Structures are given as C-alpha cells and as structure tokens.
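J.: I'd like to ask some things about the structure below.
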C-alpha cells in the first residue's frame, strides 16, 4: 500500500472497538465482571498467573455478558470445545482488587493481573526469572477502599 496523496474516509469499528466478542476456551469458565485474557489460540480465558514459563496471556478487558445466552450468566464452557460459546469483553476503566502493592505513586503506571480479580504492581513474584503476570492495564487511581481503577484501553508492554 502506498502513502496517502489525498484525504481518506477511514472506517471506525462499531462501538469504537470497546466490545469484543470472543469464543471461550474449552473446559473453561469465565465469570461475569472478571478480567478476561486471550490465550495463544485467541480464545477467552480468565486472567491468571503462570509459574515457570513466561505468561503469554493478553488481558483485554472485563467480562460483560454471554452472547446469545441468558443475561447475567457466567460463560461456562465446561465441558465444551473451544469457541462453543462466546463472551463479550468490554474495554474501559474498571475497579479491581489488589495485593496492597499499588499506591497513588503507581498512577499512570502499568499493573499486572494476578488472577481474574486482583492486580499487582510488578510483573513477577520475588525471585522469579520470567514474567508471570500479564499486563492488565494502566493504574488510573487507587480508590479509598484500596481497590484500583484499571484502564484497559492502555496496556503498554513493560520493559524486560
């Protein structure tokens, strides 16, 4: 493709790309309101940590609803083949629990998913040699409750 030489009508994704519909991984349950990641196969899974290998998950947002399912239903694909059911995942700024490592000094810094409900300030446990936690998003604020407002629109990859 060549560079533009004139103006262009550039299409925009519906809902500004805020909602993505993904197939759920086989034998997996994704709870509504949880942090959702995609695995190497491109299927939705709960955000989680790894222990001995680098974390290949990519956190993409909050589980919003099951597509063509009953409202307020968790995405239960167990048993089930990958993609047998779908879940809508929403980007935005959402409130999640944390491990007490995130303070107001962490605002505008990346945070990482310990699991599908908790974030932390570092990408690995003390002494770990690989990145165990996937980038969740950017810390927007620490709520008076101690929970963290996470911006899932900004998920910069941390420096190695």
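The values are calculated or read from the model by the stated rules, or taken from the named source; none is laboratory data. Keep in mind that what you see is a predicted model, and the values were worked out from it rather than measured. Heads up, the Cβs are rebuilt from the backbone with ideal geometry, glycines too, and the neighbour counts pull from every protein chain shown.
J.: Only strands (runs of 3 or more DSSP E) wholly contained in segment 1-59 count here; list those with 2 or more residues that are farther than 16 Å from residue 153 by Cα and at pLDDT 90 or above.
T.: So the answer is 19-23, 28-30, 44-46.
J.: Residues in segment 125-134: is at least one in a strand (DSSP E or B), closer than 25 Å to residue 53 by Cβ and touching a residue at least 60 places away in the same chain (Cβ under 8 Å)?
T.: yes
J.: Starting from residues that are within 14 Å of the chain's Cα centre (by Cα) and free of Cβ contacts under 8 Å to residues at least 60 places away in the same chain, keep the ones in segment 41-55 and report whichever is surrounded by the fewest Cβ atoms within 10 Å (Cβ to Cβ). Let's see the steps before the verdict.
T.: Initial filter on segment 41-55 (within 14 Å of the chain's Cα centre (by Cα)): 42-49, 55.
This time we only want the ones that are free of Cβ contacts under 8 Å to residues at least 60 places away in the same chain, so: 42-45.
On the way: 42: 12, 43: 20, 44: 28, 45: 19.
Out of the qualifying residues, it is 42.
J.: Hey, another quick one. Any idea which residue in segment 124-154 is modelled with the lowest pLDDT, counting only those that are buried (at least 20 other Cβ atoms within 10 Å of the Cβ) and over 21 Å from residue 31 (Cα atoms)?
T.: Among those that are buried (at least 20 other Cβ atoms within 10 Å of the Cβ) and over 21 Å from residue 31 (Cα atoms), it is 131.
J.: Please find, among 64, 116, the residue that is touching a residue at least 40 places away in the same chain (Cβ under 8 Å), under 21 Å from residue 28 (Cα atoms) and assigned to a strand (DSSP E or B).
T.: Values: 116 fails: assigned to a strand (DSSP E or B).
Within the list 64, 116, the selection yields 64.
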